[in-house]
Amino acid sequence: MDKLVIEGGRPLSGTISIHGAKNAALPILAASLLAEGKVRLHNVPRLLDIEVMLGILNRLGCKAVFEGDCVTVDSSQADSFHIPEELMGQMRSSIFLMGPLLARFGEVCVYQPGGCAIGERKIDLHLRGLEALGAVIEESDRRIYCRASKLVGADIHLDYPSVGATENIMMAAVLAEGATTITNAAREPEIQDLQNFLNEMGASIIGAGTDTITIKGVAQLSPCEYRVIPDRIVAGTVMIAAAVTRGNVTITECNPGHLVSLIHVLRRAGIQMQVSNDIINVSGLIRPKAVERIVTSPYPAFPTDLQSQVMVLLALANGVSIMKETVFEGRFKHVDELVRMGADITVDLHSAIIRGVPRLYGATVEATDLRAGAALVIAGLAAKGKTVVEQVHHIDRGYDQIEVLFSQLGAVIHREAPVLRQLDPA
Ligand code: EPZ
């Protein structure tokens with residue numbers, strides 16, 4: 001497995017543009033099944049999760065091709081509604097292929113995607129939503145078979161504003177008979193991007209970005225060309241890295257409107273920022289101040305996907321901060337690794353108490369999940385000395401060559417592939 005080697009202690013500086021959003025591209029790629037013909041998607045990031053999704057679409061009979069940052073999906077020959085268990089296991093997000101496959105074929109067969117390092121990640125809200133639209137669901141062992149002779153619009157209330165469940169129900173409802181209303185819907189920008197893509201294909205959806213989404217079923221959708229929004233979590237990761245390395249970084253092609261909660265936290269920490277319509281400049285000239293309390297919650301509150309990264313800033317801040325994680329029950333796995341780098345953090349169930357220290361020290365650490373890995377890279381950039389981050393494949397799921405991203409800003413970071421042991425000649 002690859003590892004990243006970082007010589008820390010150098011302020012980041014320069015200008016960087018942000019690649020397309022993984023969590024917008026994945027549901028939009030799944031939604032390409034809803035219209036026969038060629039969908040062209042621009043600003044798609046080259047990430048492991050995207051490659052897995054394209055592999056699944058090709059397995060279902062589509063022709064998915066990735067050229068530059070453009071993906072073309074021709075779903076006219078799609079002929080399967082069965083996602084093999086081994087592919088479900090590679091990426092949990094394959095669960096939101098259920099809605100499009102059910103809408104297109106009237107049936108779908110998937111497998112429990114299982115939990116992951118950050119938590120149990122149930123799918124009950126997805127299944128209840130599809131049942132409300134008329135699907136009959138049979139679960140046996142890990143297999144989930146779902147069929148619907150006809151999908152009929154319904155009023156669906158989500159017990160929790162689940163991003164994936166909101167997206168799955170939207171995609172199942174677009175071709176249903178009649179109207180569907182989702183209340184207590186997730187409000188993330190990626191949901192708005194999915195609505196805009198589906199409407200570009202001829203759907204009739206309003207309300208994405210609010211807690212009530214209305215979908216009027218239409219007879220059919222047509223393929224379209226679409227550009228995915230910038231990745232707010234990658235942008236936020238770069239902002240935090242600029243702050244903790246006392247650097248000066250300008251981020252272009254981003255959407256500050258998607259980062260209001262992070263900008264608010266960084267301002268409370270005393271970080272200087274200039275924000276315009278698609279540019280953010282961050283200059284971390286001072287030691288950050290502690291932030292009394294940050295609570296992760298569904299958008300527009302502070303995002304769980306930036307929790308581990310901002311914890312590095314709090315670990316170096318002047319004072320004591322408290323971070324409460326309310327979205328995923330297993331999202332503090334980066335804490336032990338940060339403590340090994342000199343951080344002073346104690347975890348009490350879903351809260352972390354972070355006592356700021358003047359500096360972190362390089363160490364060999366292990367990424368356990370995507371955003372925890374990103375946090376360890378940020379810690380390595382700020383730390384004194386050399387840091388080696390192992391299990392980098394977790395990070396590659398959500399960052400397109402993170403070492404190139406930070407090298408462009410002056411970081412001394414490189415990737416090392418494992419040296420294959422030379423077999424003795426026979
Ligand atoms: C999406 O995951 C994102 N992934 C996650 O990003 C992100 O952390 C999460 O939303 C929250 O913002 C993609 O969009 C591909 P949820 P998702 O359904 O849809 C519980 C990253 O780092 N829940 O909103 O799986 C669940 O257990 C990834 O890029 C149920 O109980 O998130 C969790 O505690 C990580 N039943 C909470 O809701 C359900 O049926 C939030 O899950 C569904 C979810």
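The values are calculated or read from the model by the stated rules, or taken from the named source; none is laboratory data. Since this is a predicted model, take the numbers as computed values, not measurements. Please note: Cβ atoms are built from the backbone with ideal geometry, for glycine as well, and neighbour counts cover all protein chains shown. SASA here: full protein model, heavy atoms, side chains in, ligands and nucleic acids out. Shrake-Rupley method; radii C 1.70, N 1.55, O 1.52, S 1.80 Å.
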In whole Å, what are the Cα extents of region 285-382 along the three principal axes, biggest one first? 32, 27, 25
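Give me the mean projected area, in nm² to one decimal, of the convex hull enclosing the Cα positions of region 1-129.
Averaged projected hull area, Cα only: 10.4 nm².
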Simple SL model, points at 7 angstrom along Cα→Cβ for residue 107 and residue 199; separation in nm is 3.6
At 222 nm, what helix-only mean residue ellipticity would the chain give, in deg cm²/dmol to the nearest 500, using -39500 (n - 2.57) for each DSSP H run of four or more? -8500 deg cm²/dmol
Between residue 69 and residue 274, what is the label-point separation in nm under the 7 Å Cα-to-beta-carbon projection? 2.3
Computed label-point distance, nm, for sites residue 364 and residue 120 using a 7 Å Cα→Cβ extension: 3.7
Over the alpha-carbon set of the chain, divide Rg by the Kirkwood Rh and report the Rg/Rh ratio to two decimals. 0.99
If you average the C-alpha positions of region 281-313 and of region 115-177 separately, how far apart do those two centres end up, in angstrom? 32
Which lysines, on any chain, are close to residue 216 with Cα under 17 Å apart, when same-chain ones fewer than 8 places away are left out? 150
Computed over region 228-324, protein heavy atoms only, probe 1.4 angstrom, the accessible area per residue in square angstrom equals 33
Let a ≥ b ≥ c be the square roots of the eigenvalues of the Cα gyration tensor of region 22-216; is it rounded (a/c under 1.5), or, if not, prolate (a/b larger than b/c) or oblate? rounded
Leaving ligands, DNA and RNA out of it, report the carbon-plus-sulfur percent of the accessible area of region 22-216 at a 1.4 Å probe. 46
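Counting only heavy atoms of protein chains, what accessible area per residue, in Å², does region 37-175 have with a probe of 1.4 Å?
On the way: 5430 Å² over 139 residues.
Each residue of region 37-175 exposes 39 Å² on average to a 1.4 Å probe.
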Using only Cα atoms, find the angle between the long axis of helix 163-173 and the longest principal axis of the chain, and express it within 0 to 90 degrees, rounded to the nearest 10. 20
32, 149, 222, reordered so the largest accessible area comes first (probe 1.4 Å): 149, 222, 32
Net charge near residue 334: determine it from the other residues with C-beta under 14 Å of the C-beta of residue 334, scoring Lys and Arg +1 and Asp and Glu -1. -3
